[in-house]
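Visitor: Got a structure here, written out as structure tokens. Questions coming.
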Amino acid sequence: MYNYPLFRPPSEAKSLILQVTEGCSHNRCRFCTMYKTKDFKVNGMDEINKQLHQLKTFSKAGDRVFLADGNVLCLKTNKLLEIINRVRAELPNLKRISSYAGPKDLLRKSIEELQAIYNAGLTMLYVGIESGDDTILSGVDKGVTKEEIIEGCLKAKKVGFSLSVMLISGLGGQKLYKQHAKHSAEAINRIQPDFLSLLTLLIEDNGVEEELNKAYGYTSLLPRDVLEETLLFLKELNLNSTVFRMNHASNYLTLKGVLNKDREALIKTVEKAINEDNYREDYLRSL
Ligand code: SF4
């Protein structure tokens with residue numbers, strides 16, 4: 001039923017997946033290979049109806065739907081509303097509809113459009129921020145600045161969306177890891193997201209490393225350096241109540257807590273891992 005590869009956030013593991021788009025409309029981030037094999041396209045209503053028909057047979061298995069692939073929020077608002085309404089009509093007992101959203105998608109939509117989307121039932125957004133540092137954002141070709149990311153995320157929060165943001169540890173490399181930690185924490189402190197996830201950069205193709213090196217002098221970090229960066233990041237955070245997860249298969253260490261409440265305990269766990277040289281081996285990491 002799906003056109004693979006298909007990605008969803010770890011927290012959507014039990015959700016029904018409706019493939020509304022294929023690929024990512026940006027698809028230019030230098031470190032990202034997720035959708036490199038796919039040309040971006042928006043599936044037509046016939047295809048979406050067909051998938052919904054099949055999902056209805058599984059609907060007892062879940063009360064959540066994740067709209068895949070990449071940034072579904074880039075769709076024209078009317079089209080997105082039509083899809084959300086169709087999902088709700090076919091699966092009336094749903095508790096949550098969610099999707100990925102790019103910061104640019106949030107900026108392009110007016111508050112009224114975002115409100116209409118939220119009111120229709122798409123209430124949770126996953127936003128890949130990757131870094132709060134402008135040198136890194138420009139070097140990886142993310143297509144947005146730190147200020148634009150913050151503006152887009154605050155717009156979503158103002159409307160009421162539950163906001164889950166993702167950063168990539170190690171993206172600054174040896175040269176920029178300190179400013180990656182510091183500027184990312186600054187961005188997160190201003191956004192105050194509901195959920196925050198740290199993934200860790202995993203480069204499987206040497207060509208990608210060369211490209212990042214040319215773009216902003218990236219050279220890879222050792223696992224303990226990545227964790228030093230995590231320490232710096234945690235120490236700079238000032239959050240009211242953000243659920244924090246570092247539990248992706250790409251991470252060297254698993255951390256979970258609520259920030260800032262659990263910050264000191266998390267810092268101690270990272271320090272212990274560094275002191276004991278005790279973290280996931282590189283060969284066990286995956287995307
Ligand atoms: S916006 Fe996200 S999915 Fe698209 S290329 Fe960048 S990191 Fe990959």
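Visitor: Could you give the length gained on full extension between residue 112 and residue 235, defined as 0.36 nm per residue of separation minus the Cα-Cα distance, in nm?
Guide: Once the chain is fully extended between residue 112 and residue 235, it gains 40.6 nm.
Visitor: Sticking with the crude label model, points 7 Å out along Cα→Cβ, report the distance from residue 178 to residue 267 in nm, one decimal please.
Guide: 1.8
Visitor: How long is the gain from residue 287 to residue 93 if the chain were fully straight, where each residue apart is worth 0.36 nm and the alpha carbon distance is subtracted?
Guide: Gain on extension, residue 287 to residue 93, equals 66.6 nm.
Visitor: Would you mind classifying the range 1-97 by shape? Square roots of the alpha carbon gyration tensor eigenvalues, ordered a ≥ b ≥ c; an a/c under 1.5 is rounded, otherwise it is prolate if a/b is larger than b/c and oblate if not.
Guide: Prolate, since a/c reaches 1.5 and a/b exceeds b/c.
Visitor: Let me ask another. With the Cα gyration tensor of the range 1-44 giving a ≥ b ≥ c as the square roots of its eigenvalues, does the rule (a/c under 1.5 for rounded; else a/b larger than b/c for prolate; else oblate) give rounded, prolate or oblate?
Guide: Judged from the Cα gyration tensor, the range 1-44 comes out oblate (a/c at least 1.5, b/c at or above a/b).
Visitor: Once the Cα atoms of helix 206-216 and of the chain are each reduced to a long axis, what angle between those two axes, in degrees from 0 to 90 to the nearest 10, is obtained?
Guide: That works out to roughly 80 degrees.
Visitor: Shifting gears a bit: State, as an integer percentage, the relative contact order of the range 10-279 based on alpha-carbon contacts under 8 Å between residues 6 or more apart.
Guide: 14 percent.
Visitor: Right, another one. Label 7 Å along Cα→Cβ of residue 213; the range 146-181 residues with amide nitrogen under 20 Å?
Guide: Only 170-178 fall inside the zone, counting backbone N under 20 Å.
Visitor: Just to confirm my understanding: which cysteines in the chain have no other cysteine beta carbon less than 4.7 Å from their beta carbon?
Guide: Isolated Cys, the chain: 24, 74, 153.
Visitor: Okay, next question. If you take the Cα Rg of the chain and divide it by 2.2 N^0.38 Å, with N the number of residues, what do you get?
Guide: Cα Rg divided by the expected 2.2 N^0.38 Å: 1.00.
Visitor: On to the next question. Mind checking the full-extension length gain between residue 258 and residue 162? Use 0.36 nm per residue of separation minus the Cα-Cα distance, one decimal, nm.
Guide: Full extension of this stretch gives 33.0 nm more.
Visitor: Let me ask you something else. Using +1 on the beta carbon of Lys and Arg, -1 on that of Asp and Glu, and nothing else charged, what's the dipole of the range 10-279 about the Cα centre, debye to 20?
Guide: So the magnitude is around 880 debye.
Visitor: When DSSP assigns beta bridges and you keep just the ones with both residues in the range 10-279, what percent turn out antiparallel, to the nearest 5?
Guide: Here the share of antiparallel DSSP bridges comes out near 20 percent.
Visitor: Quick one: Cα centre-to-centre distance for the range 148-200 and the range 110-125, in angstrom?
Guide: Centre-to-centre distance over Cα atoms comes out at 21 Å.
Visitor: Testing the spin-label approximation: label points 7 Å from Cα along Cα→Cβ at residue 50 and residue 243. State their distance in nm.
Guide: A separation of 3.5 nm, rounded to one decimal place.
Visitor: Note down the net charge around residue 80, summing +1 for each Lys or Arg and -1 for each Asp or Glu among other residues with Cβ under 13 Å from its Cβ.
Guide: Counting the neighbours of residue 80, the net charge comes to +3.
Visitor: Another question, then. Could you tell me which trypsin sites (Lys or Arg not before Pro) in the range 44-102 are loop residues by DSSP with no more than 11 other beta carbons within 10 angstrom of their beta carbon?
Guide: 76, 95
Visitor: According to the square roots a ≥ b ≥ c of the eigenvalues of the Cα gyration tensor, what is the shape class of the range 243-287, taking rounded for a/c under 1.5, prolate for a/b larger than b/c otherwise, and oblate for the remainder?
Guide: Oblate, since a/c reaches 1.5 and b/c is not below a/b.
Visitor: If you don't mind, another one. Taking only protein heavy atoms and a 1.4 Å probe, what accessible area per residue, in Å², does the chain have with all protein chains in place?
Guide: Using a 1.4 Å probe on heavy atoms only, each residue of the chain averages 47 Å².
The values are calculated or read from the model by the stated rules, or taken from the named source; none is laboratory data. Given the structure is predicted, the values throughout are model-derived calculations rather than measurements. Virtual Cβ from ideal backbone geometry, glycine too; neighbours counted across all protein chains shown. These accessible areas exclude ligands, DNA and RNA; they are computed on the full protein's heavy atoms, side chains included. Shrake-Rupley method; radii C 1.70, N 1.55, O 1.52, S 1.80 Å.
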